[in-house]
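First the structure, in the form of structure tokens, and then the observations on it.
The values are calculated or read from the model by the stated rules, or taken from the named source; none is laboratory data. In this text, all values refer to a predicted model and were calculated from it rather than measured experimentally. For neighbour counting, all protein chains shown are included, and Cβ atoms are generated from backbone atoms with ideal geometry for every residue, glycine included.
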């Protein structure tokens with residue numbers, strides 16, 4: 001099967017190159033058959049890469065260690081689902097998986113638009129296939145996943161041999177989240193290639209109205225959804241697998257996934273201004289270019305070896321090729337943008353700083369400021385080493401100091417922006433929409449000042465920002481709930497629906513608006529969870545034998561047993577720990593310390609008791625030198641569950657926003673005049 005995969009890659013290289021040439025020559029000669037041939041070749045590329053990745057999956061399942069990549073990332077005793085996940089467990093396979101997803105997106109796009117946008121689609125195909133050609137070239141000549149196992153001889157030849165067993169998958173990746181977390185991230189990264197291709201086609205053809213915007217909005221949302229889901233799953237993996245008590249460390253590769261997500265968020269808000277008012281055309285092109293480039297930058301950071309990260313691969317020459325491709329792509333896109341500036345003039349001008357347009361613009365600026373801060377902090381060690389020969393590390397305090405206040409201001413805009421009027425908001429509308437929520441938020445803030453354990457001083461400290469976050473979350477949450485209540489009440493009064501039916505039908509009749517509200521409410525939940533991290537406490541390096549206890553605040557933990565378990569893949573030490581809260585037994589926790597046999601690498605399996613109030617997080621670090629006692633570390637993490645709940649709600653809101661609007665049904669009874677205008681207001685398209 002390795003030979004089949006190698007042949008499929010070689011064929012994909014030829015077919016991809018043909019697709020680019022046929023598309024460009026076809027549009028130049030206005031030859032519909034040649035254009036169709038290029039489009040079909042794009043689908044052919046998908047079939048070729050699908051065959052290649054299917055062949056790679058087959059050799060993994062069969063434990064064919066004659067293939068070097070399989071020998072390096074799998075072993076005979078690895079469970080089947082981890083063997084499949086090993087496809088993206090290393091450099092070569094993950095790059096092939098990236099390239100395959102790109103061909104999936106490309107095939108879907110060309111099939112969906114085969115009878116639409118005839119002047120733009122050949123260029124869309126050419127741009128997508130150019131990216132695909134780059135990846136296929138890397139597969140064939142630099143990081144070939146089908147290279148055979150062997151040892152390099154002094155004379156430059158390779159002595160082939162098949163190992164009896166493989167080195168095994170990295171133990172940190174032997175987790176169920178690693179089966180789905182990387183594919184989600186890749187679907188997000190790759191998905192931004194679609195709006196980029198349409199933006200480039202719009203620039204080339206000078207069709208710079210909102211056609212390309214309307215065509216790609218859903219594709220952008222899909223990429224944004226997958227990338228956000230991947231980030232949340234990665235945070236959950238880090239939380240329960242790495243054993244350090246947190247879910248976000250501002251790791252360079254974490255940052256690499258966050259940056260295109262931030263830019264995609266800015267674009268999804270900015271695009272509404274162009275659709276509604278014909279403004280921010282240049283801005284939207286820039287955002288699309290940046291989202292695509294930052295997706296490539298994230299892939300480059302992971303594979304270049306220039307940053308240290310638990311997520312990154314080893315140093316590889318592919319980093320230089322990636323950097324060259326990024327610079328060429330960015331230069332070409334910017335050249336087209338500047339050349340087409342006369343065609344990107346706004347149809348209207350900003351009339352007021354207190355309007356929906358201005359709030360979306362502020363939202364964009366703040367998101368880009370956050371993205372730049374993350375980029376600067378991520379790249380500063382690399383730049384310092386290049387300039388001064390000394391790598392200066394930028395840690396969590398820098399990222400938190402810069403991004404936490406930015407995030408709180410963004411939360412404020414989340415509640416204010418969608419409720420402001422276009423052009424200019426009146427004083428009456430501001431009072432009507434925000435006064436009640438502001439008073440309630442201030443009341444909550446005052447109450448928190450006297451709450452035991454909350455000391456929001458000095459200004460700028462972690463607890464101060466947590467207090468601000470709670471206050472702002474209250475304000476935004478009330479504004480969103482009020483919008484749903486107002487709309488559902490109007491529907492219930494005018495149509496005879498009950499309140500729940502009113503909420504559901506209100507949402508389904510304007511999925512984009514109310515799906516957005518749900519996504520915004522998700523950030524209220526996320527901020528509640530994030531704010532809890534300001535109050536976390538820990539108990540490090542506790543030694544305890546069987547029958548002994550240790551305590552953290554209201555929790556007392558008793559070691560009931562220490563056991564050893566051997567499996568074909570790893571050996572483990574397990575602890576049985578009873579947990580008492582205020583004298584009452586509330587849980588039995590089973591933390592674990594594993595040593596994987598192929599690599600002899602140790603890992604921890606965290607035990608948690610999670611509630612809406614807090615997580616009790618117990619790490620078993622193994623026994624002491626004489627084996628008489630176990631070593632534990634305990635964390636108490638307030639409100640962490642709200643982070644995962646917020647992530648689920650965010651995904652739900654995004655999926656709802658992707659749905660088409662439900663057509664209106666005839667009312668069950670006529671509306672009463674007093675409610676007609678209110679119903680129109682709450683169901684109007686934002």
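Here are some notes:
- Residue 588 vs. criteria more than 29 Å from residue 72 (Cα to Cα) and either surrounded by fewer than 18 Cβ atoms within 10 Å (Cβ to Cβ) or without any contact (Cβ under 8 Å) to a residue 40 or more places away in the chain (or both): yes
- Criterion (at pLDDT below 85 and within 30 Å of residue 420 (Cα to Cα)) met by exactly one of 304, 359, 355, 315: 355
- Condition check for residue 509: within 32 Å of the chain's Cα centre (by Cα), within 26 Å of residue 643 (Cβ to Cβ) and either touching a residue at least 24 places away in the same chain (Cβ under 8 Å) or not assigned by TED's automatic domain parsing to the domain that holds residue 661 (or both): no
- Condition check for residue 587: more than 31 Å from the chain's Cα centre (by Cα), within 28 Å of residue 454 (Cα to Cα) and part of a strand (DSSP E or B): yes
- Flag if residue 394 is more than 21 Å from residue 476 (Cβ to Cβ), in contact (Cβ under 8 Å) with a residue 12 or more places away in the chain and in a loop (DSSP other than H, G, I, E, B): yes
- Condition check for residue 125: under 30 Å from residue 34 (Cβ atoms), surrounded by fewer than 23 Cβ atoms within 10 Å (Cβ to Cβ) and either in contact with a helix residue (DSSP H, G or I) (Cβ under 6 Å, 6 or more places away or on another chain) or modelled with pLDDT of 90 or more (or both): no
- Scoring residue 208 on the criteria (1) assigned to a helix (DSSP H, G or I); (2) under 19 Å from residue 333 (Cβ atoms) leaves a single failure, condition (1).
- From 42, 17, 8, residue being touching a residue at least 40 places away in the same chain (Cβ under 8 Å), surrounded by 18 or more Cβ atoms within 10 Å (Cβ to Cβ) and within 30 Å of residue 62 (Cβ to Cβ): 8
- Checking residue 218 against (1) within 18 Å of the chain's Cα centre (by Cα); (2) at pLDDT below 95; (3) within 21 Å of residue 91 (Cα to Cα), the condition it does not meet: (3)
- So residue 380, is it within 25 Å of residue 288 (Cα to Cα), surrounded by 14 or more Cβ atoms within 10 Å (Cβ to Cβ) and out of contact with any helix residue (DSSP H, G or I) (no Cβ under 6 Å at 6 or more places or on another chain): yes
- Those residues of the stretch 157-197 which are over 22 Å from residue 286 (Cα atoms), out of contact with any strand residue (DSSP E or B) (no Cβ under 7 Å at 6 or more places or on another chain) and not in a helix (DSSP H, G or I), in sequence order: 157, 162, 163, 164, 165, 166, 167, 169, 170, 174, 175
- Looking only at the stretch 598-612, and only at residues there that are more than 24 Å from residue 529 (Cα to Cα), touching a strand residue (DSSP E or B) at 6+ places or on another chain (Cβ under 9 Å) and surrounded by fewer than 18 Cβ atoms within 10 Å (Cβ to Cβ), the one that is modelled with the lowest pLDDT: 601
- Against the test of being closer than 27 Å to residue 361 by Cβ, modelled with pLDDT under 95 and not in a helix (DSSP H, G or I), the options 279, 272 yield a single qualifying residue, 279.
- Subset of the stretch 262-276 that is in contact with a helix residue (DSSP H, G or I) (Cβ under 6 Å, 6 or more places away or on another chain), closer than 20 Å to residue 343 by Cβ and in contact (Cβ under 8 Å) with a residue 60 or more places away in the chain - its residue that is surrounded by the most Cβ atoms within 10 Å (Cβ to Cβ): 267
- For the stretch 240-253, the criterion of being modelled with pLDDT of 90 or more, surrounded by 23 or more Cβ atoms within 10 Å (Cβ to Cβ) and either closer than 21 Å to residue 413 by Cβ or in contact with a helix residue (DSSP H, G or I) (Cβ under 6 Å, 6 or more places away or on another chain) (or both) is met by no residue.
- Scanning the stretch 342-364 for residues that are in contact with a helix residue (DSSP H, G or I) (Cβ under 8 Å, 6 or more places away or on another chain) and without any contact (Cβ under 8 Å) to a residue 60 or more places away in the chain returns a single hit, 362.
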